[in-house]
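A.B. asks: I have a structure here, written as structure tokens, and I will follow up with some questions on it.
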Amino acid sequence: MKVLSVNVALPRLVAWKGQTFNTGIFKKPVHGPVMMRELDLDGDRQADLSVHGGPYKAVYAYPSEHYQFWKKVLPEVDLPWGQFGENLTTEGLNEADTHIGDVLRIGQATVQVTQPRLPCFKLAATFQRDDILKRFLQSGRSGFYLSVIEEGLVAAGDAIERIQEDANGIAVSDINKLFNQGTDRALLQRVTQLEALPLDWREHFAEQLATLERHSS
């Protein structure tokens, strides 16, 4: 497992559907090592901190293997590394074998997997097409956010080592499945008690579980 590309961007103005807004989604690969800090990478910023960034979304990783899928789905679109707004384009990780709470060593930094990515309208603005949001969600190719436990330098080519696998064994793909379908009560129950998952996610799934139980009673 390794990093193929480290991508950063500062917010810039974008026009989409009659609106103009700031976004930091247009990540570009950088050469050489970059410092991964508690809230972001050097040279990288999020525009709307109410929904982006923070300690549980400090770094966004996206598997390079998904690019082949998107090239088939969107053959007319140029897809350089960083196109999905990821800070790290990775090789050898995926949503099915990466668990919420897993601790990874990336270069000199130590991080923990916290949650999948839910796309907002800014992804649609990046691709200049509305259908990408639905396709992204339904594909299950979400990538995942990382919190930074230990700051350090990271660079393209750095190894990624899983130094601790979360004992609960709940994969990122399990969270995606629940978000899209949400009918597995046993899994919902486990997820609501998953401390490594941010509170807003746990509260969302607790509501889903309560709704299922009301409808079955």
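A.B. asks: Please go through region 185-211 and give me each residue that is over 23 Å from the mean Cα position of the chain (by Cα) and surrounded by 15 or more Cβ atoms within 10 Å (Cβ to Cβ), ordered by number.
C.D. replies: Selection gives Leu209 alone.
A.B. asks: Report, ordered by the first and then the second residue, all pairs with beta carbons closer than 8 Å, sequence separation of six or more or different chains, a first member in region 172-189 that is under 17 Å from Leu137 (Cα atoms), and a second member that is small (Gly, Ala, Ser) and part of a loop (DSSP other than H, G, I, E, B).
C.D. replies: Val172/Ala96; Val172/Ser142; Ser173/Ala96; Ser173/Gly140; Asn176/Gly140; Asn176/Ser142; Lys177/Gly140; Asn180/Gly140
A.B. asks: Next question, about the same structure. Looking at region 43-54, is at least one residue surrounded by fewer than 17 Cβ atoms within 10 Å (Cβ to Cβ) and closer than 20 Å to Ser139 by Cβ?
C.D. replies: no
A.B. asks: Something else: Could you figure out which of (1) in contact with a helix residue (DSSP H, G or I) (Cβ under 6 Å, 6 or more places away or on another chain); (2) in contact (Cβ under 8 Å) with a residue 60 or more places away in the chain; (3) small (Gly, Ala, Ser) isn't true of Gly140?
C.D. replies: (2)
A.B. asks: Let me ask something else. Give the residue that is surrounded by the fewest Cβ atoms within 10 Å (Cβ to Cβ), with candidates limited to residues of region 55-92 that are in a loop (DSSP other than H, G, I, E, B) and among the small types (Gly, Ala, Ser). Spell out the reasoning first.
C.D. replies: The first filter runs over region 55-92 and keeps only residues in a loop (DSSP other than H, G, I, E, B), leaving 58, 64-65, 74-87, 92.
Narrowing further to those that are among the small types (Gly, Ala, Ser): 58, 64, 82, 85, 92.
On the way: Ala58: 24, Ser64: 18, Gly82: 22, Gly85: 23, Gly92: 15.
Within region 55-92, the match that is surrounded by the fewest Cβ atoms within 10 Å (Cβ to Cβ) is Gly92.
A.B. asks: Can you report the number of residues in region 159-217 which are over 17 Å from Arg117 (Cα atoms), out of contact with any Phe, Trp or Tyr (no Cβ under 9 Å at 6 or more places or on another chain) and assigned to a loop (DSSP other than H, G, I, E, B)?
C.D. replies: So the answer is 10.
A.B. asks: Right, another one. Anything in region 113-130 that is part of a helix (DSSP H, G or I) and either buried (at least 18 other Cβ atoms within 10 Å of the Cβ) or touching an Asp or Glu at 6+ places or on another chain (Cβ under 7 Å) (or both)? List them, or say none.
C.D. replies: Residues of region 113-130 that are part of a helix (DSSP H, G or I), as a first pass: 121-127.
Listed by number, the residues that qualify are Lys122, Leu123, Ala124, Ala125, Thr126, Phe127.
A.B. asks: Could you check how many residues of region 1-40 are at pLDDT 90 or above and more than 18 Å from the chain's Cα centre (by Cα)?
C.D. replies: The number of residues fulfilling the criteria is 6.
A.B. asks: Taking the condition of being within 17 Å of Trp81 (Cβ to Cβ) and either of a type outside the set (Val, Ile, Thr) or outside any strand (DSSP E or B) (or both), how many residues in region 1-35 meet it?
C.D. replies: Looking only at that region, the number is 16.
The values are calculated or read from the model by the stated rules, or taken from the named source; none is laboratory data. This is a predicted model, so every value here is computed, not measured. Cβ sites come from the backbone with ideal geometry, for glycine too, and all protein chains shown count toward neighbours.
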